[in-house]
1. Quick one: the Cα spread of segment 156-293 along its three principal axes, in angstroms, biggest first?
2. Applying 1/(1 + (r/R0)^6) with R0 = 22 Å to the Cβ-Cβ distance of residue 199 and residue 244, what FRET efficiency is obtained, to the nearest 0.05?
3. Skipping prolines and chain starts, which residues have an amide H placed within reach, meaning under 5 Å, of the one on residue 200, given they are 5 or more residues away or on another chain?
4. Report the full-extension gain for the segment residue 206 to residue 269: residue separation times 0.36 nm, less the Cα-Cα distance, to one decimal in nm.
5. For a Förster distance of 45 Å, can you work out the FRET efficiency between the beta-carbons of residue 333 and residue 232, rounded to the nearest 0.05?
6. How much FRET efficiency would the formula 1/(1 + (r/R0)^6) give for residue 225 and residue 115, where r is the Cβ-Cβ distance and R0 is 35 Å, rounded to 0.05?
7. What's the extension gain from residue 287 to residue 83 if we count 0.36 nm per residue and subtract their Cα-Cα distance?
8. What is the distance in Å between the Cα centroid of segment 338-373 and that of segment 60-77?
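Please treat every number below as a calculation from the coordinates, not as lab data. Here the structure is a predicted model, which is why all the values come from computation and not from measurement. So basically every Cβ, Gly included, is an ideal-geometry build from the backbone, and we count neighbours across all protein chains shown.
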Amino acid sequence: MFRLTESDLNRREEYLRGSFPLLYDVELRQTLYSVFWRVGRSSFFMLFALLLLPAVLHAQSLAIDPNALDLGVVGVGVEARASVSVENLQDDALEVIVGISGDGFSALSDTLRLDGKGSGSVEVRFSATVAGEHAGELTLQVAALFKDERLVVPLQAIAVVPTLALLPAEGLDFGAMPVGQVATAAVIVKNTGTVPVTAGRMKVADLQGPFSIAGDIGLWPAPGDETRIDVTFAPTHAGPVASEFAVAATDFGAWSIPLRGSGTVAQAAFSPLPQVGLDFGTVEVGQRLTRRVTVLNQGQAELYVENAAIEGAAFVLGTGDSSATIAPEGRLDLSAAFVPQSEGDRSGVLRLSTSDPQAAEVAIPLAGRGQISPPRIEIIHGDIDFGSVSIGGT
């Protein structure tokens, strides 16, 4: 069998005293007792009901938790949600009219129905378009006959915009880079604020230029975290170029840092000129004549010479001259020899590849003539004395 403890009885006593103070008024009870005998039973109970009606009407019907709602720090444009619990203290079902005020605050429903001794909740939402402190009120109005109970829950929230830092703050300088090569450096995007970034874009300002973002950008950094973004520089022509790495979104504005670099190219020059070629002239068959072919680098980047070779059986390339690297303003001397094995005109080609886009493949014509000179007879003037020779002898 269920029994009330002494503490339960005390709490009930406090509740009754607070809700029905007239019942604990000694003088009132004596007066009611006197009236009971004077007016009769039926009239007495009607009078007693009228006396109790104000107390009943003013008895609290709802209990709420919390009494004030703080939705905390919220990013501009981001929705925050929280709930207020509502408990029906009465035995009868109640209908509660929900009202809300304040810029950015809203309620999921405008009516809450509670069973007797039942409970429910009101969901409060907050989304601001302007940064700053925001305040509002949630009102709960009991919809009942002879009942005018209205509870107010203060609401507050702070709307802020995300804050980012781009590092290095001075930007990225790739320096001089040969055309055709690629360099990579990192930009650090750091969230220095208290709220996450919900939307935005990271990009290089000039999408058609030599700067680009390498790989997947990934997620925006959480508050206090950072994200590494690799930026590449691949110059397509000689000379300085500049752009920006930028991040932008409607909820925090835009930040950017500069990107700089310079494209360099090698510039090859040849002596003799390819359109003129190299003529060895006339060389005796079996003899060897060596001439020099010079490759100059008149550009700002290293010039790579590769695959040097000679076509033509009468011509020979010097040993170790097939490939080389020429520094800016440097030179390379290649040796080509003409070794005719028979008489007549001979031709060949010296071919080589370079890293100069304007002289990627070079062909220098070679020419020469082989000859066999007649024997040289030299007559020495003077008398020849054969001495005494027998007739018929030699």
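1. Taking the Cα atoms of segment 156-293, the three principal extents are 105, 21, 21 Å.
2. Numbers: r = 20 Å, r/R0 = 0.93.
Computed FRET efficiency for residue 199 and residue 244: 0.60.
3. Under 5 Å from the amide H of residue 200 lies no amide H from a residue far enough along the sequence or on another chain.
4. The span from residue 206 to residue 269 would gain 19.3 nm if fully extended.
5. On the way: r = 37 Å, r/R0 = 0.83.
The value I calculate is 0.75.
6. Working: r = 47 Å, r/R0 = 1.34.
Once rounded, the FRET efficiency stands at 0.15.
7. Values: separation 204, 0.36 × 204 = 73.44 nm, distance 10.42 nm.
Using 0.36 nm per residue and subtracting the Cα-Cα distance, I get 63.0 nm.
8. 91 Å
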